[in-house]
Amino acid sequence: MRRNHRSHDSKDHGKRSLTPHFLYMCFLSPLGVWQLYQHYLDKWTPHTASRWAFTIVLILGFMVRITLRQGWYIVCYALGIYHLNLFLAFLTPKIDPAFSSDDDDGPGLPTKVNEEFRPFMRRLPEFKFWYSVTKSTLVAFFCSFFQVFNVPVFWPILVMYFITLFCITMKRQIKHMIKYKYLPFSLGKPRYKAQDNAAKPPAH
């Protein structure tokens with residue numbers, strides 16, 4: 001009888017933990033809201049494709065809103081500049097070869113037999129890149145609902161200036177990649193093997 005009583009108490013405790021009052025207290029507390037947010041963010045971390053699909057849809061929705069409302073061009077321009085800086089940090093190695101004293105420390109090409117490419121260490125990891133892009137887009141979306149951020153500006157000049165800035169920065173980044181012989185990706189990198197191991201005696 002005591003075991004049954006205890007089992008019923010444990011079931012009732014499990015039910016009470018999911019009651020609307022518990023959920024209400026969780027959402028009411030700032031710490032509870034942050035823990036719940038961090039929980040779902042951690043669960044979403046390994047789903048890279050779905051995360052970036054959501055962010056792309058969010059950016060497209062923001063662009064559609066800017067186009068339809070014909071305003072907040074300065075907010076859109078600031079968002080584009082910020083995304084460009086994030087993208088450059090995503091493409092840049094964590095240890096810049098230009099400031100590295102030892103050539104082997106940089107993400108260069110293999111020079112020895114049986115040497116593999118080291119994984120590319122980014123200055124801005126992929127998850128932080130996605131998180132910053134998503135958060136900044138949400139902030140820009142929020143700013144587009146207030147007229148105080150709708151500064152009158154001739155938008156074609158901003159577009160031309162952004163395109164020019166993008167071309168100059170990407171050209172500089174590509175030259176940096178060619179000079180120090182690295183790629184910002186670590187997929188499908190070949191492995192150099194010794195010719196003695198590769199050459200096999202003919203079968204008799």
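Given 151, 139, which one is free of Cβ contacts under 8 Å to residues at least 24 places away in the same chain and closer than 21 Å to residue 65 by Cβ?
Working: 151 fails: free of Cβ contacts under 8 Å to residues at least 24 places away in the same chain.
After applying the criteria, what remains is 139.
For the subset of the range 120-136 comprising residues that are of a type in the set (S, T, N, Q) and without any contact (Cβ under 8 Å) to a residue 60 or more places away in the chain, which member is nearest to residue 96 (Cα to Cα)? Step through it out loud before you land on a result.
Filtering the range 120-136 down to residues of a type in the set (S, T, N, Q) leaves 132, 134, 136.
Those left that are additionally without any contact (Cβ under 8 Å) to a residue 60 or more places away in the chain: 132, 136.
Working: 132: 22, 136: 26 Å.
That would be 132.
Does residue 181 count as modelled with pLDDT under 90 and either loosely packed, with under 11 Cβ neighbours inside 10 Å or within 22 Å of residue 94 (Cβ to Cβ) (or both)? Even if it seems obvious, please write down each step before you answer.
Details: modelled with pLDDT under 90: yes; either loosely packed, with under 11 Cβ neighbours inside 10 Å or within 22 Å of residue 94 (Cβ to Cβ) (or both): yes.
Yes, satisfied.
Just a yes or no: is a residue in the range 147-161 modelled with pLDDT of 90 or more, outside any loop (DSSP other than H, G, I, E, B) and closer than 20 Å to residue 93 by Cα?
Looking through the range 147-161, none of the residues is modelled with pLDDT of 90 or more, outside any loop (DSSP other than H, G, I, E, B) and closer than 20 Å to residue 93 by Cα.
Quick one: residue 196 ticks every box in (1) part of a helix (DSSP H, G or I); (2) modelled with pLDDT of 90 or more bar one, so which box is it?
Among (1) part of a helix (DSSP H, G or I); (2) modelled with pLDDT of 90 or more, the lone unmet condition for residue 196 is (2).
Sort out for me the helices (runs of 4 or more DSSP H) sitting completely within the range 1-82 that have 3 or more residues that are on the phi < 0 side of the Ramachandran plot and modelled with pLDDT of 75 or more.
Values: elements: 2-16, 20-28, 30-44, 48-69.
Of the helices (runs of 4 or more DSSP H) lying wholly inside the range 1-82, those with at least 3 residues that are on the phi < 0 side of the Ramachandran plot and modelled with pLDDT of 75 or more span 30-44, 48-69.
The values are calculated or read from the model by the stated rules, or taken from the named source; none is laboratory data. Just so it is clear, the structure is predicted and the values come from calculations on it, not from any experiment. With ideal geometry, Cβ positions are generated from the backbone for all residues, glycine too; neighbour counts draw on all protein chains shown.
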